[in-house]
Each structure stands twice: as C-alpha cells, then as structure tokens.
Amino acid sequence: MTDSAAVLPPVTAGVAAGALDLLPARLRKRVDGAVAKAAGWPVEAARDGVVVRVAEDTAVTLRVTAGIVADAEDAVCSCLLAPACLHRAAVLSVAPLAVEKEEEARVGEGEETEKGQGEPAAPAPAVADEPALTPAQSTALDALRGAVTAVLVAGVSGSGAVHRAELLHAAHSARLAGLHRPAGTAVRIARLLGEARSDDPAFRLSGLSGELAELLDLVRRPAAALSPARRDYRPEGPLRLYGLFTEPVVTASGYAGATVYALAPDGALRTLSDVAPGGPDRALQASGTPVPGGCALGLRELGDGGGVILTAPTVSPDGRIGGGGAVRSVRAAGAGWREAPLAALWERPPAEQLASALGWLSQPADTRTAGGDLLFLDGLVNGAGFAVAAGPALRLAAPDERLELPYAENLSLLASRPGLALRLIARVVPDRPDRVQVLAASWTGHDGEPVRADLGLRLLNRSHIPAVSAVPAGLTGPREGEAPPALPIELDLLRRTVDRAVAGGRAVSAASADGELPRRLRAVGLSTGAQRVEALTDAAADRRHDVLGRLLPADPRGFALAWLATAVYAAAATESLLLAAWTPPDISAN
C-alpha cells in the first residue's frame, strides 16, 4: 500500500481549505477520521496527475498544473456526494501544501526544509503600534489571531482538519488584504500541523513552537504585519561569483531541488536554485541544472570550486539570483576554500559567527539574507566529535537523514578518522547547543591536495580520507576533559514546557503544573523564567467564577499571551547561554 503523503502532489491552501467548506456539518465531524484513513489509500500515477483509490467503485482524481493542484476543479471524486464528500476533503487534507508565490524565492535556502534544524528564535513582544489598518485588514488580523489561538489552546493533539482549514482561510483572507507576512507564517503552521498529524519523521515540535510564537507576535503588532513579505528581483550589473558549495533541498511541502551558495566580490553570499515539485531523487538531478545564461556550467560544478560571471542578472535584496531572458553567463576562475576570497569566511571567530547566525534566525523568515545561518569552522576530529579551533567541542549532525542523501553515512566516515583536520560549512542548531549540522567539508587528501565535498550529494568512501592527518598550524586538539556545550537542565525543562503546551494545548499545561519547575529555575538564577512559568500555569488553569458562583468562559487569548511570553523568554535565555558556551575562556585573565 502506498503512503499518500509521500506521493500526492502539493495542493494550494485555498483548495485544501475550500474542500472542507463544502462539507455539511454532519460530515465535518467525521473528517479527522477520514483523513487518517486517506493516508493509507493507494495512489496511482495518471497522465496529468494522480488517482487515489478509495474503494473499487470510488476514486479521487487530482490534476496538476506546473506540479501542483491549483484549482478546486482539479480535484474530482467519483462518488455520488462529490464534491461535498469526505473522500475528496480527506485526500486534499492529507496532501502536502503547495508553496505560495510569496515563498517561492525562499524555498531551498533553509526555509521550510525537512532538516530538523530547530526553530527560529521567537521575536520579543513589543509595545503595540498604531498603523492605519483598513477594515479588511483589521478583520483579517482578528481572524488570524482567533485561528492561531484556537490551535494553541487545542494543541497538536486536538487540532484536526477543521482547525487547519480555519487557519488556511484566515491566511487566505490576510493575503488578499495585503498582510503577506502573517499569512505566510499561518500557512507554514498549517503545513507543520499536517506533518504532525501524519507522523512525518521530519516534523519538529520546536519548529512549530517558533512559528506559533512568530504569528502570535505579528498579530499583536500591526506595523510588522503590514510590512511586505516578498522582495522583488531587480536588474544588476555584471556579477562575479565564486562557488562555495551545493546543497540538496527536500521540503516539507513536496518540493525538491538544489541550491548553490557563492561569494560575490562585496563579501555577501548569493544563491542560485532549481527547486520544483518532487522528492529526493529530483534533488540529486537538479544539482546538474545549468547556471542561467548559457555557459553550460552546472550548479554542482559551480559549487565545487567553479566560478562564473553573470551579466544582466536579477538579484533580490537578500541575495537570491533569478533567471530571466536577459541574463548571460561565462565561466570564470574559481577559488579553493583556503584561497582568497573564500578563505576570509573562516577568519571570523566562531563565537562571533554564532552571534550573527542567531541574530539571523531571530529575524522574520521573509527578511533574512541568504546564508545568514551558516558557520565556517576549522577543527579536528576527536573521539567525542569535533574540536573547533578557538571554539567548543561539538557533535557533527546530518541536516537530513534520508537514505537517498548521503549526509549521515559521510559524517560517520569522517568521524572514524580521529586527528583529521577539517574545514567545515555547517548550520547552527539553536535548540541543540552541543552540535552543528554539516553541509560540506574539506580536508587534505592522500596526495597532499585539498579535497572538497558536498556531503549531501557525494557519497564518500575510505579511499577519499587518509587514516592520519598532519595537524595544520594553528589547530589544536580539545582541552583535557572538554565536553560539548550544554545548557542548564532547568532551561531545557522550561523549553519542554513551552513545547508541551504546543503538543497538548491548554488542558495539558494546566494538568502538568506542579510548582517544581519555578523553584528549580529560581535556584539557578532564572527567576524571570520562573515567573513566566507561573503565569502560564495560572492562565492555563484559570476558570474564574462570577459573583453568583457560575463558571466563567475560559480566556484563550490570555493563555496565548502567557505562552508567548514564556516562549520568548526561553528563546532569549537559550541564545544568551549558547553564546556564553561558545566563547573561549580568557586565558590571560588567569
């Protein structure tokens, strides 16, 4: 039997939400059960889409345009109740959500990828602004606030297809009203809820917590909600690029491809991508896509030390390069990682790089510059993992553990060579301070020449890596007894409290309160965190009575605000302590 979620084409948010609107009330109550069954219905490829076999005499046909189901008429069920039937609604609910136009430029650069890279740091609450909202925008913002609050109160365990549809409807209305940033965040939350309900191994509860915190903050600050989400591509003069590495991309929304990172003369990173509907196989194929402009240089070839000059390219302010009919390209000399201009990326102290990466993660997803979460690290492989020069000892983790992508196997091979000096490109994992996710690596080969490998695209074997490596000047092993950085257990418990509220909702938050965590937080100096937990507990359990002793309705908005304050504190405390753990001790002070 085929897993529908793995082969169904992406569906636009409007089509997915609209399918539930057609259902009568008696069927809406049964939709969650139907969605659970739909995940096991066989799926067959068709000439212009797929056919989902519900029963011998019932099938749902999905027609695709440019790889997605973009119109309600492209989803047809053969039963007598169609289109107001559970079969159609269930199939459209279990299908992955398509990437909207506002997100297209970001897909493939750490945005919405199934990499488990942790959540973006939650934004700090701000004093309310007073921008001029239109009536339609005010209504849309209220709908978003109500929908996201309902999801938080119900939790993942209680948020079914109806909650998801209401969130998508609110996102659609917000987009029509020009509230692109909160609309995009709402769609990402709906997508993550779908992953959670389908037991997708790529789902990370911490990632959903971060998105919920971002949306709850946006609906409180209309000025931020009104800011444009998509940055236009603009023509630019001749652009010289030095290839850095190529990353395979597989997204939670059913897209796949490859992204090459390159350095421009101004020191900023630029990216070129080929991402479209598909799975891991397409990610490997897309790495051979030619660079725009006709120079016959593939993305992977550019990333593997190549160079190119683009004339008349279009470039977004955040560094993404578009195609366009006017762009032309010619090959140019590339550079090694230890040659100018690329070598400068490894000259910044690791703690300074980490601070920049965490700052990047704290920004709204649609305003981040390309590659801002990357770390450029030198160090030595040791028994515990990897000792960073002028930094901590870390564990090396795979960004994606799919068998189709060789990250895990390659990292296991590198870890089997104690003493091997490595130069790495990695991503920070803000909720796991003891590790980084490694994307590419370089070392000295058997012949003394540098070897450079994109770890998600190239499967290594033992012949590629020497058993013993001479330690380059400037690199030292770990200090005696040094272990990977760890945050206080009390802070980890606080973050789990935030995530547990997302998983189980208000009822679980109220039931799990025991007063022990605030005491432990105060004992280690995190008194503000203790106050936040107590406020969250009170908000979750608050069922006040009126003067006549009657139980008053619960206050979902108060619970949401208390949860947001706790999430913001947990993220800020984690960032502060993580930076301290990465900062080397001042030996001169001893």
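Is it true that some residue in region 358-371 is of a type outside the set (S, T, N, Q), farther than 18 Å from Y261 by Cβ, modelled with pLDDT under 95 and assigned to a loop (DSSP other than H, G, I, E, B)? Yes, there is a match, as at least one residue in region 358-371 is of a type outside the set (S, T, N, Q), farther than 18 Å from Y261 by Cβ, modelled with pLDDT under 95 and assigned to a loop (DSSP other than H, G, I, E, B).
Cβ separations smaller than 6 Å between residues 6+ apart or across chains give the following pairs from region 529-544 residues that are touching a residue at least 24 places away in the same chain (Cβ under 8 Å) to residues that are part of a helix (DSSP H, G or I) and surrounded by fewer than 16 Cβ atoms within 10 Å (Cβ to Cβ): A539/G558. Taking the criterion of being outside any strand (DSSP E or B) and without any contact (Cβ under 8 Å) to a residue 24 or more places away in the chain, would at least one residue in region 260-281 satisfy it? For region 260-281, residues outside any strand (DSSP E or B) and without any contact (Cβ under 8 Å) to a residue 24 or more places away in the chain: present. Residues that are hydrophobic (A, V, I, L, M, F, W, C) and open to solvent by 20 Å² or more (accessible area, probe 1.4 Å) do not occur anywhere in region 230-242. The set of residues in region 421-468 that are under 17 Å from G336 (Cβ atoms) and part of a loop (DSSP other than H, G, I, E, B) comprises G445, D447, G448, E449, R458. Of all residues in region 397-423, those satisfying the criterion of being of a type in the set (S, T, N, Q) and either on the phi > 0 side of the Ramachandran plot or open to solvent by 30 Å² or more (accessible area, probe 1.4 Å) (or both) are S412, S416.
State yes or no: is G210 closer than 22 Å to L375 by Cα and either assigned to a loop (DSSP other than H, G, I, E, B) or open to solvent by less than 10 Å² (accessible area, probe 1.4 Å) (or both)?
Working: closer than 22 Å to L375 by Cα: yes; either assigned to a loop (DSSP other than H, G, I, E, B) or open to solvent by less than 10 Å² (accessible area, probe 1.4 Å) (or both): yes.
Against the criterion (closer than 22 Å to L375 by Cα and either assigned to a loop (DSSP other than H, G, I, E, B) or open to solvent by less than 10 Å² (accessible area, probe 1.4 Å) (or both)), G210 qualifies.
Scanning region 150-206 for residues that are hydrophobic (A, V, I, L, M, F, W, C), in a loop (DSSP other than H, G, I, E, B) and over 17 Å from A503 (Cα atoms) yields A177, L179.
Residues that are free of Cβ contacts under 8 Å to residues at least 60 places away in the same chain, touching a strand residue (DSSP E or B) at 6+ places or on another chain (Cβ under 9 Å) and open to solvent by 20 Å² or more (accessible area, probe 1.4 Å) within region 380-396 comprise just one, L396.
Of the helices (runs of 4 or more DSSP H) lying entirely inside region 469-578, those containing at least 3 residues that are among the polar types (S, T, N, Q) and either open to solvent by 20 Å² or more (accessible area, probe 1.4 Å) or modelled with pLDDT of 95 or more (or both) span 527-541. The residues of region 319-332 that are surrounded by fewer than 21 Cβ atoms within 10 Å (Cβ to Cβ) and touching a Lys or Arg at 6+ places or on another chain (Cβ under 6 Å) amount to a single one, G319. Scanning region 492-514 for residues that are of a type in the set (S, T, Y) and touching a residue at least 60 places away in the same chain (Cβ under 8 Å) returns a single hit, T497. Show the residue pairs meeting these rules: Cβ distance below 6 Å; 6+ apart or different chains; first residue within region 37-60 and of a type outside the set (A, V, I, L, M, F, W, C); second residue open to solvent by 40 Å² or more (accessible area, probe 1.4 Å) and in a strand (DSSP E or B). Partner pairs satisfying both residue conditions: P42/R53; D48/R63; G49/R63. Those residues that are touching a residue at least 40 places away in the same chain (Cβ under 8 Å) and β-branched (V, I, T), I need them from region 132-171; list them, please. Correct list: T134, V148, T149, V151, V153, V156, V162. Tell me, which residue of region 333-342 that is open to solvent by 20 Å² or more (accessible area, probe 1.4 Å) and in contact with a Phe, Trp or Tyr (Cβ under 7 Å, 6 or more places away or on another chain) is farthest from L577 (Cα to Cα)? Among those residues, the one meeting the criterion is G334.
The set of residues from region 77-104 being open to solvent by 30 Å² or more (accessible area, probe 1.4 Å), under 29 Å from A174 (Cβ atoms) and outside any loop (DSSP other than H, G, I, E, B) comprises K101, E102. Does at least one position in region 173-187 carry a residue that is within 18 Å of the chain's Cα centre (by Cα) and modelled with pLDDT under 85? No - not one qualifying residue is present in region 173-187.
Residues of region 286-310 that are open to solvent by 60 Å² or more (accessible area, probe 1.4 Å) and part of a strand (DSSP E or B): P290 alone.
Rundown of residues vs (1) at pLDDT 90 or above; (2) within 24 Å of the chain's Cα centre (by Cα); (3) under 21 Å from A276 (Cα atoms), yes/no style:
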residue	(1), (2), (3)
G18	yes, no, no
P24	yes, no, no
W41	yes, no, no
R63	yes, no, yes
G67	no, yes, yes
L81	yes, no, no
A90	yes, no, no
E109	no, yes, yes
A121	no, yes, no
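Can you name every residue in region 150-191 that is within 19 Å of S509 (Cβ to Cβ) and either in contact with a Leu (Cβ under 6 Å, 6 or more places away or on another chain) or open to solvent by less than 10 Å² (accessible area, probe 1.4 Å) (or both)? Of everything in region 150-191, those that are within 19 Å of S509 (Cβ to Cβ) and either in contact with a Leu (Cβ under 6 Å, 6 or more places away or on another chain) or open to solvent by less than 10 Å² (accessible area, probe 1.4 Å) (or both) turn out to be V151, L152, G155, S159, I189.
The values are calculated or read from the model by the stated rules, or taken from the named source; none is laboratory data. Being a predicted model, the structure only gives us computed values, none of them experimental. Here Cβ is always computed from backbone atoms with ideal geometry, including for glycine, and neighbour counts include all displayed protein chains. For the accessible areas, the whole protein counts, side chains as well, though only heavy atoms, and no ligand, DNA or RNA atoms are used. Shrake-Rupley method; radii C 1.70, N 1.55, O 1.52, S 1.80 Å.
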